[in-house]
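Let me begin by presenting the structure, written as structure tokens, before commenting on it.
The values are calculated or read from the model by the stated rules, or taken from the named source; none is laboratory data. Remember, it's a predicted structure, so these values are computed and weren't measured experimentally. FYI the Cβ positions are ideal-geometry reconstructions off the backbone, even for glycines, and counts take in every protein chain you see.
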Amino acid sequence: DAGITQSPRHKVTETGTPVTLRCHQTENHRYMYWYRQDPGHGLRLIHYSYGVKDTDKGEVSDGYSVSRSKTEDFLLTLESATSSQTSVYFCAISDDRGKGFFGQGTRLTVV
Amino acid sequence: GESVGLHLPTLSVQEGDNSIINCAYSNSASDYFIWYKQESGKGPQFIIDIRSNMDKRQGQRVTVLLNKTVKHLSLQIAATQPGDSAVYFCAETNTDKLIFGTGTRLQVFP
């Protein structure tokens, strides 16, 4: 998958706990994205990064934060997980705007 | 891999027939469009893209058509094969943000 790895692949967590998902790339691409995928909504952009320490909000950023301290890593943090954040999360990378290559996804369940 | 059970529009075609998947996009300022394929348990996979200065682009067995007047995008798959069974998404952008449509499920019957 174009040198992109998401971890963990599955996680179950309790409501109110913080959770961090990691996206790691070996392609040295400038852009990195976090999406969530839910039935009936397709893929929705949470946050994205256009360089180290440069991030911006997407469509559904409330309750999420991100950090990018190195080109290869983009972290997504759920500050206090809620049941509405149960979803499949995908990371994508791009060396040009738009044309993203996706990871395998992380299934997060908040109980 | 990961998969999401999606309640999606479904297109059913017979193996060997041509498939046409349609997408209406929302932003008239969008200038770049992409089609993705998502197989069960996997992340979306890039198929083909097109810029707004074009109205047609062809790849291997796939063609994308863009009608900016009515904000419509279509993906044509020639000689559809069982391996084409998947969910297909269109995506649009005019900035750094790629915005996805809700997707269409393609089912291929022998």
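Structure above, values below:
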| quantity | calculated |
| --- | --- |
| A:E27 vs. criteria acidic (D, E) and either closer than 30 Å to B:T10 by Cβ or in a strand (DSSP E or B) (or both) | no |
| Members of the stretch A:87-111 that are within 11 Å of another protein chain (Cβ to nearest Cβ) and outside any strand (DSSP E or B) | A:D96, A:R97, A:G98, A:K99, A:G100, A:G103, A:Q104, A:G105 |
| Which numbered condition A:K70 misses (of (1) touching a strand residue (DSSP E or B) at 6+ places or on another chain (Cβ under 6 Å); (2) more than 23 Å from A:T86 (Cβ to Cβ); (3) basic (K, R)) | (1) |
| Residues that are closer than 11 Å to B:F33 by Cα and at pLDDT below 95, drawn from the stretch B:74-100 | B:F89, B:C90, B:A91, B:E92, B:T93, B:N94, B:L98, B:I99, B:F100 |
| The stretch A:1-55, subset within 18 Å of A:S80 (Cα to Cα) and β-branched (V, I, T), residue nearest to the other protein chains (Cβ to nearest Cβ) | A:I46 |
| Residue tally, condition within 14 Å of chain A (Cβ to nearest Cβ) and either closer than 13 Å to B:N18 by Cα or surrounded by 18 or more Cβ atoms within 10 Å (Cβ to Cβ) (or both), over the stretch B:77-95 | 8 |
| In the stretch A:16-31, residue farthest from A:S69 (Cα to Cα) [restricted to those that are touching a strand residue (DSSP E or B) at 6+ places or on another chain (Cβ under 6 Å) and modelled with pLDDT of 95 or more] | A:V19 |
| In the stretch A:1-57, the residues that are surrounded by 13 or more Cβ atoms within 10 Å (Cβ to Cβ) and hydrophobic (A, V, I, L, M, F, W, C) | A:A2, A:I4, A:V19, A:L21, A:C23, A:M32, A:W34, A:L43, A:L45, A:I46, A:V52 |
| Residue pairs meeting the criteria (Cβ under 7 Å; at least 6 apart or on separate chains; first touching a residue at least 60 places away in the same chain (Cβ under 8 Å), in the stretch A:8-24; second among the basic types (K, R)) | A:H10/A:R107; A:V19/A:K11 |
